[in-house]
Structures are given as structure tokens and as C-alpha cells.
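Everything below concerns the one structure shown next.
The values are calculated or read from the model by the stated rules, or taken from the named source; none is laboratory data. Computed from a prediction, not measured in an experiment: that's the story for all the values here. Note that we place each Cβ from the backbone using ideal geometry, even for glycine, and neighbour counts take in every protein chain shown. Only protein heavy atoms, including side chains, enter the accessible area calculation; ligands, DNA and RNA are left aside. Shrake-Rupley method; radii C 1.70, N 1.55, O 1.52, S 1.80 Å.
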Amino acid sequence: MGGDINPLGGMQANKYPTRAPGPVGQQIRHIYQDRLRQFTDGGQYREQGLLPKLTEARAAGEPHVKLSVYSPPNLSRPTFKDATSHTFRHTKVGEAFGPSWSTHWFKVQLTIPKDVASHDHLEFVWDANNEGLIWLEDGDVVHGLTGGGERTEWILPKSWKDGKEHLFYVEMACNGMFGNAAGGDSIQPPDPNKYFTLHTAEVRAVNLEARALYFDFWEIGDASREFPSESWQAHNALQTCNKIMDAFIAGGGSNKSISEGRKIAKEYLGDVNSSKVYDTDQEELVTGVGYCHIDTCWLWPFAETKRKVARSWSNQCDLIDRYPELRFCCSQAQQYKWLEQNYPQVFDRVKKKVKEGTFQPIGGSWVEHDTNLPGGESLVRQFLYGQRYFESRFGQRSKTFWLPDTFGYSTQLPQICRGAGMTRFLTQKLSWNNINTFPHTTFNWVALDNSQVICHMPPAETYTAEANFGDVKRSVSQHKSLDQDNSSLLVFGKGDGGGGPTYQHLEKLRRCRGISDNTGLLPRIKLGNSADDFFDRLEKKVENGTQLVTWYGELYFELHRGTYTTQANNKRNNRKAEILLRDIEYLATLATVKENYKTSSYKYPKKELDGMWENVLLCQFHDCLPGSSIEMCYDDSDQIYAEVFKTGEKILKEALAELGLSDQLKADSKLFALNTLPWPRTEVIKLPPLNNLPSYGLAHSTHPGIMEIRPLASAYSASTASVKEIRPNVFELRNAQYKVEVADGVITSLYDLNADREVIRPGQKAAQLVIYDDKPLYWQAWDVEVYHLESRQELKPSSTSIVENTPHKCSIEVTTKISDKSWIKTTISLAAAIGDEPTCVEIEAECEWHETMKFLKVEFPVDIVNTEASYETQFGIVKRPTHYNTTWDMAKFEVCCHKWADLSEHTYGVSILNDSKFGFATAGNVMRLSLLRSPKAPDGHADMGRHFIRYAILPHSGALSETTIKKAFNFNNPLKIITPTNTDMKGMNIKPFSSTKEAAQDTSAPSLLSSLRIINAPNLVLDTIKRAEDDADISTPDYPLPIKPGRNIIVRIYDSMGGKSKGVLTWGGLKVKAVKRVNLLEDEIEDISAEMVTEDGSGAVKVGVRVGVKSFEVVTLKLEL
């Protein structure tokens, strides 16, 4: 029944062959995959593949390419005008040029022959395996060169095909993109005698269709390798590549076969020949942004960076013209300023692109700075100077803080970002963690005061992506926040040594987008939007209800922990410079607001201060201050700091002089002490060696500013200090607060007499110097690894002796031999106690250091138990574990601190103070201050030589309090002895030093120098006092922004302990008309003049303002005079 019915009906295939024509085997995938290399490989099949087809014709050598050279002497880097004014000698391809860091200027006389000129697209190719810059005859920069096969081509103007000779110049820099390291390891110290052979200088006619096929094949080949092997997209990609090769072979490598190959590729890619590939309605997951990371110094000096900027950014301006989808961003106001100063024509091109929206200044900071080591005010100034520069040059401020390569991120950065007008933050460095994997990609990062910014860490885990298929794929496959948001940034472009995106990157990304739209599976990427556009969309999503995860506190980097210690003198200079700048601004501000200022010729030294700040901020670059640059960089920074200190001392003296004071002391000078900190101090102070003066005096005042220096036997007498040898090589130092026992050069007992408590753990030794073997896995200057702790060796002192024994101060000196080449001399001192003023055990160290891969530390085992230790950070405190419960805890075996670290119980604690150190560790009850390292790369002489270090033990009753905060400030800000130039000392309300025993009477009326202070809130720190940036009487043309009338004082206050407070900022006799709360850029936020207070409640004369400060909040006020 029904057997005659065809069940397939009309669908039955009538032409299916009855007999098999022959065997057809399954492709062996890995063989056909490996075959692809033959088409674009430079190996044995190169001449049968695509590479020879890329160049259709070439012209090299004379008469087509004539070369001559001028070699400037003494490693100088002359300007274009200077260099081209000299005589050039004949040269040719094959000649070598050097040594390292030298510059050579080449005159290129180019005549293009007819057979080459007949082709459409011509490029000049120059390669000597080093960097260079092409200049036109009129002095215009047109193209940067990287060398070594990277960015070696310059597209020649079509007008140069006229058969005439055309002249241009190549400025050769005798260094590669990553400096001049010896051998193949780029972080080794530079070889000073490298020479570079010019091996290519020629014109090439480029087959653009063959070049396009090269990129087609590259990306489809990547798809065949990187798509899942079970996906049809991977199989289709492999088949497509093999078809292209078959067509090429069949056509004998002709142009027709190349065109046929492109048609085959189009079936997989779609049309990828222009920026229109991005003009579809399909939503992207990945935003591609071009970026050029130029380390302001690293494996090259600052001077070379200035040229790297010109090379890189001139190329980007050209690339934007050729690839309209490119949005390029670059940070670091310092680099823009260098470009403006040294390459004004390139700067003008950049300004034009910025206005068009294709070149984006980003980051808002002066440089891409370290955030662990600079002080809080330095972080503020990074943004103040960076944002003001961008605003003054481009009419815009940055909204996104951009810091992809810095070695960890301070817990207060979100608050500082918000105060500087930035709500989002980009980094990726935590992807380098070598213990734990950071768990988030896009999240809210929260500061100590609860301020937050949106943070995004590109999941491709690089800021120098090569724009490969895998980079786009990883932008989703490695995204850790897909539950909240699936978008990401891909930051691409050559970097570290500069460069930025290349045409190769842009061609590859066009094809990646084509694959996404035409074939699928690959995340869709979009070019044409900026980094700010990406963050704008993120913020909009949050506004519409997207809940991002939160991360509270520091973004601790589990690598590069050695940078807290390496290059000790550089770090010391930074801290001293920060303190000097604070003092100058404070004194200069007072000098310009005193009553008779209008009749004075003195001017607030704004220009000099700007120059000092810009230099200090420059040296805070994330490879300079951390200590990870070559020796040349520290030669540079030493000179920069020397200039900072020279200028600073000069303008400090001028400010003092305007205030009627001088630090030039004579035999008959009346002596006072100057306290620039915002609280009273009472200290034993060493007096200068003038006639009839004792060695010490008592500096005392009930308010900040000028302090009387009294004889120690005055009404404010001190309990005496003493030292004696109680047993052989055992010494006892004592004052009214402590009894210290030093045995064999280490502290075996520190007894608090008032608390009736031993501070040192029984049987342990404090101030014990220890040395470690210090060989990290690779990054010598950067890293110290956890296994170094297992190599601990105690250093045994060779001698101990009493070197000072007065009622005012007693000291013993301990000499320790470290090795045959190194020694350290430590002086342990105890000063007389003055009433209830806390004293500490001070230690001064002088060290001659010539070790190799060793780490010197000093230990303090204290009788305290706590699972957390506290460390000073910028504008606050960070708590870190003292145990290794988890790998996250153990990873913090070395951490960063500023002026102090503290381990406390509820009833008692110990703080360790320092004057120039940043590395610290607290393991259990052992507090350990890091002193010196001795890595040999990239600076082969890092830290070699003489060092001077001060640190101190400060025991305290009760938990951590503002006592430690103030004592650490005092320790880092020694009192300055000065003398009045105004002999009647009118208005100072103080008495000079007298050697008599008369009791001095305090006066209640404060002088000008004690006007500004905080009362009723001891946890609040008045950290900065300066003039407002744009006051009419001080503004400079360097930052041409709108001038504001009147005189204004900016004060910055922060809560140092973590408690919401309300204090009163007093200003004494200053005539303040109004008080405004402002942000860190000094934009007005709120008028708080209603909070102004009077001394007696009458409402007549305002003497202060009530200020509310939240926990760890930074508050900036503007006092209008």
C-alpha cells in the first residue's frame, strides 16, 4: 500500500553521483593549521609567500638617496636650527653610529626615479635599530621612528614624484625604544658604548592590496587558532585561510591572485576597507582607545623623553588623519608642556586634534606619579597643576584619572580624585599580582572617608595591547564583573618607551570588528568613542540602577614592594622638598597678608613656587621616586632637587626677611626658634656654637610660630637625662619617663617609668640591625620576595661607647661592621623630659653601603599583641594584618608607611618614627623598618655610598592617638633657629634667649606667625597654608586662567585619626571678610561665613570659623581678606 509514492517528493537529488570518483579524506586539522605559517613567514618559504609582494619597487643608494651626517659632540641634543647650521659630511648605509645616547643628524637628499614614481603609494624606510625623528627642510616635525622593524616607514608626499631632489632630515637617537641595556635583558644597566648600524635608507613602492591581504590573513588565522576548536567559526576560518593560499598558488602570486584572496577573505570578514566597518547599529561590548604610555624617565633620561613625546605624538596626529576612527588619549601635563616648549608646531597640531575631539588629554595629573610615596599635599598638587595646565591650554579638565602602570594605589586617592573633579579611575597594574588574583574588573573604589570613584581595569590586562584578536577576545573572557556590566576598554598602542597605536593596530581592529559582525563569536569592538565616553556610559548605567561591587581601602599591589626602599637618597630628597615647600608657602602667605604689606616691595614667589612644585612632581613619576630607573635618571633628579633646594632656601630667606626674621646668626644675635607646624611645641634644642652659649636650650611656646629659647634651668625646667655603663658593655640611658638598657649595641630593655611597663618583649633585642639576601625573581630594583625573610642574619656590633652625657641629652654610639666594604654607625639618644611632653628614643644612623643584592633593616620586637598594625598614609591611616592567616594577609609582608608605623593594644602601644623611610613590616610583635637595598638593575650603583637616617621609638599609654601624629610631624620638621632683624621685636610677644634663670611670662596675644591654627579638635591637622592660585597680585602668565580679585588664603585641613569632628580654625588678627569651602582645584563649593565666630561673642570682630570634618576627610577653605 502506497509503495509507489516517493517520500521525498520533489526534494530528491537526481544528480548525486552513483559512483565515488575517488577517495576524499578528512583534513588533519593541525597540519592544515601549521601550513598557514608558510604564507606570511620569513623562513625558508618566504619568497614563495605573500611577503615579497608587499613591495613592488624600491630605490636605494646614490643618486636616489644621498646621505650626509653631522654628529654633535658631548652627547648633546641640539635644536633643529643649531644642528642644521653645521657642516655635514658624506655617509652611507652600513656605517655605524654611536656611542649610546649620542645624537646624529642626517641630511637626506631624495630623488625618486620614474620606475618607482609610477606607483601609487611610496614610503621612505629608515632603520638603524634605534629611535629617530624626521624633519622637513623648514623645521617641521613629520614622523617619529622606532627602529628594529617597528615604525620605520614614512609616507612620502605625492608631490615628490616630480623627479626633482627633495631634502629632509633624520635626527637619530642612539638608543632603542627601551634604552641601551647590555645584552638581551632590557632592565640591565645601559651599555655606554653601543653603536647602531644604519642598514636601511630607501624608497619603497607598497602594494596596498597585498598589505591588506596580509592583515586579512593574520586575523582570520588568529580566529582559526583562538576560537574554540569545536566552533564552526574556527573551522570556517581555517578553511578560508587555506582557500586564500590555494588561490595565491594557483595565480602564481599575481596581483589578480591577491585580489582573489581578498574576495575570499571578505566572505569571512565583510567589508573592512574603511572606518565604515564601525558604522552599524549593533552594540559593542569593547571600546578601543589608542594610548601611548611614555615613561617620563625609566631606561632613558628625562631629556630623551622630551624627544619621545615629539616622535610619538606627531605620528598620532598623522594616524588620526588616515584613520578617522582613532581616538587617542595621553596623560601627563608635564609631557604636554615639554612639547609646547620644544616642539611648538607639533603642539599646535595636538591642540587642533584636541579641539576636534580625536586627541584626548586625560588623567588630570602632572605626571603618572607614584601614589604610595608622595605626601598628601603632593597628590593634591599633582592634580592641581595637571588640571590647571589642561584647562589653560585646552579649555578642559580631565574627568578620568588615568594611572595604568603605578605600583599600588593609596587608599585616599578616590577622595582626592573627587576633590579634583574626577569621578572615575583606570588602572591595570594589579593584574601583575604574583600571589592573589584581584577579583574585579569594574567596581566602586571607596576611600577612607567613603568617597568613591568608578574604577575599571581593562580585562585584556595591558595598557599596551597589540590590538590582536586575542586582546579583543580577552576583553570579555577575562572580564571579572560580567554579572554587573559586560563592557570594557581595550587600551592599545606601543608603550612604556612611547610610540602609541600603529596603522597595523588599526587594520587589525577593523578586521576584528568585521569578524564580530559577519561571522560572530568574537566580542564586538568599537572605535570612535573616547575613554571618557566609555566611563560616561558606565556612570549612566549606575544612575539607572546598575549596582557595581565595592572595594574599600588601598589597592595594594602584590609585587614591586622593594620600591618602598630603593634609591634612598631620592626618597629623602622628596620628603625634604615637600616639607620645604610647605614652610615657604606658609611664611610667604603670612608675609603677603601682614598689615603693612601694601607698602612693601615683597611679592609672593608664585613663579618660583610653581617651578619648584613642577620639579618635585616630575620626580614623583612612577619610575623615578620608587627607584626603578637607570642611574642617569638619578643624576638628573639629584640636579633637579639641588635646584629645588637652592631656590627654596633663597625664597625662604626672603619670606623670613619680610617677616622681620633671619637665619643668619651672629655672636650677638638674639635667638628664637621657628615652629612652622600648627600646634605648640616644647623641646630641648641644640644651640649653634656661638660665644657664651650652652649646647642646649629649651624652646617653648603656648602657640605655633615664634618660640622662646630658654635656659634649661628656667621655670620650665627639664628632668635631666643621664647615661652610665652599669656592666661591661651594658649601658643605661634614663630620663624622667624611660629607662633604656643597651647591651652589646642593641636595646634589651625599654622601661616606661610612668606606665610601669616593659616595652621590649622579654629576651628580645630592639634596634637590632638585620640583613637579608635580596634576589627577587626578576625585577631587581622593584621587587623583594617573601622568601627573602628566610635569609635573616643579625649584625653584631663591634663597639659601643658613650659619646654624650649632659643633663639635656645623653647618647651612646654603636659601630657595626656589615662587610669588608660596608659599615653603619648608630647613635642612640635620650633627651631630657620636659614636663608631660612625650619623649622618644632617637636613633641616628650613618651608613657606608657597598653591598650586592642585600637588604638592611632594623627590628623592634615589642611586648604588644594585635592582629593589625597602623601606618600613616596620605591624609589618614591604613591598617594592615600582622599575621599570615590567608594569602591576602601574607602578601603584605612588606608595606608602605610614611612618617610612622604603630602597633597598639587598647592600653598601650609603640610607634616607630622615621625621617625618610617608607618600607615597613609588622609580623606578630616584630616591627621592622626597611633601611637600604642594593639591587644591580637597572641602576648598577643604586644606593651605593653614604646615607644618613633618623628613626625613633615612641612608646605611648593608650591606643594610637594624635600624640603619634604630632610627634612624627615634629620629628620630620626640626625647629629652625632664627633671629629678628627688627631689633625692637615689636608684635612678636616673645622674649629672646637669655642665659639667666629668670622665669619668662607668656603673653596671650598671638603674633602673625601663630595666627592660623585649629582649636577644640586635636585630631584635625592644618596641613597647608598658601595663597589662592589666581589672586590678582600673585598670578603668573604660565597658567593663563581668569584672575580673581582680592587676596585669599587657602587652608587645607584633614582628620588624622578617623573621627568626625568640629573644630574652630582661628586666624588671630587677620581681617577675614568671608570663608568659602572650596575643592582641591579651589572652585567654590559653599559659603560658610555664617559659621564665623568672635572671641567674646559680641559679633564684632571675627576671629575664626567653625569647621566640620568627617572621618578622614580633607577639607579646603578659602579665607577672603
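With a Förster radius of 25 Å, plug the Cβ-Cβ distance of GLN239 and ASP279 into 1/(1 + (r/R0)^6) and report the FRET value to the nearest 0.05.
That gives a FRET efficiency of 0.30.
Could you give the distance between the Cα centres of region 741-759 and region 493-529, to the whole Å?
That distance is 65 Å.
Could you grab the relative contact order for the chain? Cα pairs under 8 Å, six or more apart, rounded to a whole percent.
Value for the chain: 9 percent.
Please give the per residue accessible area of region 1011-1120, computed with a probe of 1.4 Å over protein heavy atoms only, in Å².
40
For region 568-662, report the accessible area per residue in Å² (1.4 Å probe, heavy atoms, rounded to an integer).
33
Spelling out what I want: for every residue of region 613-629, take phi, set θ = phi - 60°, compute 6.51 cos²θ - 1.76 cosθ + 1.60 (Karplus), and round to whole Hz; glycine and proline get x.
In residue order, the calculated couplings are 4, 4, 6, 5, 5, 4, 6, 8, 3, 6, 10, 8, 4, x, x, 10, 10 Hz.
Computed FRET efficiency, Cβ-Cβ of ALA642 and PHE178, R0 22 Å: what is it to the nearest 0.05?
Working from the Cβ atoms, E equals 0.20.
In whole angstrom, note down how far apart the Cα centers of region 200-236 and region 1034-1093 are.
Measuring centre to centre over Cα atoms gives 60 Å.
Calculate the length of the line joining the C-alpha centroid of region 332-376 to that of region 59-131, in whole Å.
Going from one Cα centre to the other spans 30 Å.
Candidates [x] 69, 34, 30; [y] 114, 42, 23; [z] 62, 33, 30; which is the computed semi-axes √(5λ) of the Cα gyration tensor in Å?
Only one listed value fits the structure, namely [z].
5 Å is the cut-off here: which amide hydrogens, built 1.01 Å from N in the peptide plane, fall below it relative to GLY705, excluding neighbours closer than 5 in sequence?
ASN675, LEU677
On a full-extension model of 0.36 nm per residue, what is the gain between THR599 and ALA60, subtracting their alpha-carbon distance, rounded to one decimal in nm?
Stretched fully, the THR599-ALA60 segment lengthens by 186.8 nm.
Taking the Cα atoms of region 286-552 alone, what are Rg (to one decimal) and Dmax (as a whole number) in Å?
Rg, Dmax (Cα atoms, Å): 17.6, 53.
Stretch GLN26-THR79 to full length: gain in nm at 0.36 nm per residue minus the Cα-Cα span?
Net length gain for the segment: 12.5 nm.
Ordered by residue, what ³J(HN,Hα) values in Hz, to whole numbers, does region 81-98 give under the Karplus form 6.51 cos²θ - 1.76 cosθ + 1.60, where θ = phi - 60° and Gly and Pro are x?
4, 5, 4, 6, 7, 8, 7, 9, 9, 5, 8, 7, 4, x, 7, 9, 10, x
Stretch MET853-SER719 to full length: gain in nm at 0.36 nm per residue minus the Cα-Cα span?
43.7 nm
Carbon and sulfur: what percent of the chain's accessible surface (1.4 Å probe)?
Solvent-exposed carbon and sulfur of the chain make up 49 percent of the total.
Give me the 1.4 Å probe accessible area per residue for region 804-940, excluding ligands and nucleic acids, in Å².
For region 804-940, the per-residue accessible area is 29 Å².
Between ASN544 and THR815, what is the label-to-label distance in nm when each label sits 7 Å out along the Cα-to-Cβ direction?
For the pair ASN544/THR815, the computed spacing is 7.6 nm.
When DSSP assigns beta bridges and you keep just the ones with both residues in region 681-820, what percent turn out antiparallel, to the nearest 5?
100
What dipole magnitude, in Debye to the nearest 20, does region 372-442 give about its Cα centre under +1 on Lys/Arg Cβ and -1 on Asp/Glu Cβ?
Here region 372-442 has a charge dipole of around 240 debye.
Could you tell me the ratio Rg/Rh of region 1011-1120? Both radii from Cα atoms, Rh via Kirkwood.
0.98
Report for the chain the percent antiparallel among DSSP-assigned beta bridges with both residues inside it, nearest 5.
Here the antiparallel bridges make up roughly 90 percent for the chain.
Between GLU150 and PHE948, how many nm apart are label points set 7 Å from Cα along the C-beta direction?
Between GLU150 and PHE948, the label points sit 4.3 nm apart.
Quick one: 3J(HN,Hα) in Hz for region 1010-1017, Karplus 6.51/-1.76/1.60 with θ = phi - 60°, rounded, Gly and Pro as x.
10, 5, 9, 7, 9, 10, 6, 8
Restricting to DSSP H runs of at least four residues, report the calculated mean residue ellipticity at 222 nm for the chain, -39500 (n - 2.57) per run over all residues, nearest 500 deg cm²/dmol.
The helix-only estimate for the chain comes to -7500 deg cm²/dmol at 222 nm.
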